[in-house]
Amino acid sequence: MVLIMAWVAATPLWAGDLETDLASIQQRWAEIQYQLPDDKKEKAFETLAGDAEKFVADYPGRAEPLIWQGIVLSTYAGAKGGLGALGLVKDARKSLEAALAIDENALDGSVYTSLGSLYYQVPGWPLGFGDDDKARKYLQKALAINPDGIDANYFFGDFLLDQGEPERARTYLQNALQAPDRPGRSVADAGRRKEAKALLETL
């Protein structure tokens, strides 16, 4: 049985199915995050979190579904807000750490970007697990893997702004604006660039 599963996991059909399902989750996430009104996001992310859970179950042992489960849960937490969000961000961290243990380079090191953003946006002790030192380490690792990535640059720029380093932040936010387009991610890229521009206008 193990040998059969190993063979299936290696076939192009498996990879193709994963890529199709991944693209569906990514597209829906971008639509919710950047196109839905704020008062409809929480419910939509709750539904997408269920889809992400199924995605993880459908592809055991793969890092990509776990990364996107972490992303969905963390943005669901942001939409939910308040103390009710803390359980979601803890679940998000758990998914991302599981992905990290499988393949740190999956999706161009997205797991490091996602973990880093969690660590500086979540409150610190005693409410949460926020940790700026860990955030910096993870975000720098994300940039080492994907130096031209829009998310890696945006989140490090946002982090530096949060840390009171506006001039350094400017460099990375500008890099985010100049990052290459990602195939099939036009909604997400446009939304992220809009966020980067908004931060740059505050400097």
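Restricting to the stretch 72-100, name every residue that is open to solvent by less than 30 Å² (accessible area, probe 1.4 Å) and farther than 14 Å from V122 by Cβ. Selection gives V72, S95, A99.
Within the span defined as the stretch 28-43, one or more residues are modelled with pLDDT of 95 or more, open to solvent by 60 Å² or more (accessible area, probe 1.4 Å) and closer than 16 Å to P65 by Cα.
Here I67 qualifies as assigned to a helix (DSSP H, G or I), touching a Ser or Thr at 6+ places or on another chain (Cβ under 6 Å) and under 24 Å from D181 (Cβ atoms). Here F155 clears all of (1) free of Cβ contacts under 8 Å to residues at least 40 places away in the same chain; (2) open to solvent by 20 Å² or more (accessible area, probe 1.4 Å); (3) under 27 Å from E97 (Cα atoms); (4) in a helix (DSSP H, G or I) except the condition numbered (1). The number of residues in the stretch 106-126 being open to solvent by 30 Å² or more (accessible area, probe 1.4 Å) and over 17 Å from G78 (Cα atoms) comes to 5. For the residues R170, R185, the requirement of being touching a Leu at 6+ places or on another chain (Cβ under 8 Å) and either at pLDDT 95 or above or within 13 Å of Y120 (Cβ to Cβ) (or both) singles out R170. Under the condition of being open to solvent by 30 Å² or more (accessible area, probe 1.4 Å), acidic (D, E) and touching a helix residue (DSSP H, G or I) at 6+ places or on another chain (Cβ under 9 Å), the residues counted in the stretch 168-202 number 2. D131 meets all of the listed conditions (1) acidic (D, E); (2) touching a Gly at 6+ places or on another chain (Cβ under 8 Å); (3) open to solvent by 70 Å² or more (accessible area, probe 1.4 Å) but one, namely (3). For the stretch 67-85, the candidate set comprises residues that are touching a Phe, Trp or Tyr at 6+ places or on another chain (Cβ under 9 Å) and hydrophobic (A, V, I, L, M, F, W, C); within that set, the residue that is farthest from L18 (Cα to Cα) is A85.
D103 fulfils the conditions (1) over 14 Å from the mean Cα position of the chain (by Cα); (2) under 19 Å from S24 (Cα atoms); (3) surrounded by 15 or more Cβ atoms within 10 Å (Cβ to Cβ); (4) not hydrophobic (A, V, I, L, M, F, W, C) except for a single criterion, (2). Given the criteria in contact with a Phe, Trp or Tyr (Cβ under 7 Å, 6 or more places away or on another chain) and of a type outside the set (D, E), does V89 qualify? So V89 does not fit the description; no.
The values are calculated or read from the model by the stated rules, or taken from the named source; none is laboratory data. Everything numeric in this text was worked out from a predicted model, so none of it was measured. A quick note on method: Cβ atoms are made from the backbone with ideal geometry, for glycine too, and the neighbour counts reach across all protein chains shown. These area figures cover heavy atoms from the full protein model, side chains too; ligands, DNA and RNA do not enter into them. Shrake-Rupley method; radii C 1.70, N 1.55, O 1.52, S 1.80 Å.
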